[in-house]
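Comments concern the structure below.
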Amino acid sequence: MTDVDFELDNQADALPLLSDVALIPQAPEGFKSGFVGIVGRPNVGKSTLMNELVGQKIAITSPVAQTTRNRLRGILTTPEVQIIFVDTPGIHKPHHQLGEVLVRNARIAIDSVDVLLFVVDGTVEAGGGDRFVVDLLSQSKTPVILGINKADQQSADAESIDHSYIQLAEANGWAVAKFSALTGDGLEALQSLLNERLELGPYYYPPDLVTDQPERFIMAELIREQILLLTREEVPHSVAIAIDRVDEEPEITHILATINVERQSQKGIVIGKGASMLKAIGTAARQQIQKLVMGKVYLELFVRVQPKWRQSRTRLAEFGYRVEE
């Protein structure tokens, strides 16, 4: 257990949530709206891209692949359009029950959106994993845009890399956009392509909303992000966060959360010598959560061993990992 002290950071960055916004207004004449599914292999920058498009951090990012677990919606509203971005788990060959749930949910998303944005890694040529995603998307009737990400990190052989993806797009009649989710270069052109493919429609969400997820979900994700960043490969995806209690007071929000791991050795890594790692995780997570709640936070963390939770349907359901309908 650790008690994490508090500071107030950057109140202006707080995220508008459902409880903070007014009723949905009527959209003006000529207004467009729709859902855009962001799909691709793990670790190609899908979550970073959604954060940049929405303009605020709502999805966690990490150098570790398979960061995204749930279908997280980010909402971008301009005077002309409202785009609801659906960030999906990376499509890959699953190795456990959790992986099967994640990939199944990503596949369901393919047929439940208006436009698909297939994001690829522009620093390497198209490979078998990309072609696997192409085969899935080619079976769908949903319009597809192939987005070549990480343009800012490309080397001298960028032309051959781009060509490997352009060939895949041309074979399926898909538009291509090249950009950097990290720097924002090329995203204006990408947004124009997305706008063109959306139909006239209403506001699905209030204009001030940036995500449809409840605060507790994002709190848990912000804690998990810091574990991924600070422990890296030592505790990759064996972590699930449960927000046990949130007590809101006028001056401070008290949060009690449990970090669930699969093995005793992982518990030791998360806690660290003299609880040093747990304190570092809590301090970093608290700073992010304060931006979410727009106020001071007192964060208390516990660590619990839940053997083989990723293989258990019961445990997966407890931690919020269910197959999407």
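Values quoted throughout were computed directly from the atomic coordinates according to the rules given, and no laboratory measurement underlies them. Quantities reported herein were computed from a predicted structural model and do not represent experimental measurements. Using ideal geometry, Cβ is built from the backbone for each residue, glycine included, and neighbour counts are taken over all protein chains shown.
Some points to look at:
- Anisotropy class of segment 176-219 from Cα gyration tensor, a/c 1.5 cut: oblate
- Ignoring lysines fewer than eight residues from K273 along the same chain, the ones with Cα atoms less than 26 angstrom from its Cα are K308.
- For segment 161-235: rounded, prolate or oblate by the Cα gyration tensor [a/c cutoff 1.5]: oblate
- For segment 154-195: rounded, prolate or oblate by the Cα gyration tensor [a/c cutoff 1.5]: oblate
- Cleavage-rule hits, trypsin sites (Lys or Arg not before Pro), segment 195-302, DSSP coil, Cβ neighbours within 10 Å at most 14: R263
- Other residues lying with their Cβ under 13 Å from the Cβ of L194 contribute a combined charge of -3, Lys and Arg counting +1, Asp and Glu -1.
- Cα-Cα over 28 Å, subset of K57/K178; K57/K150; K150/K267: K150/K267
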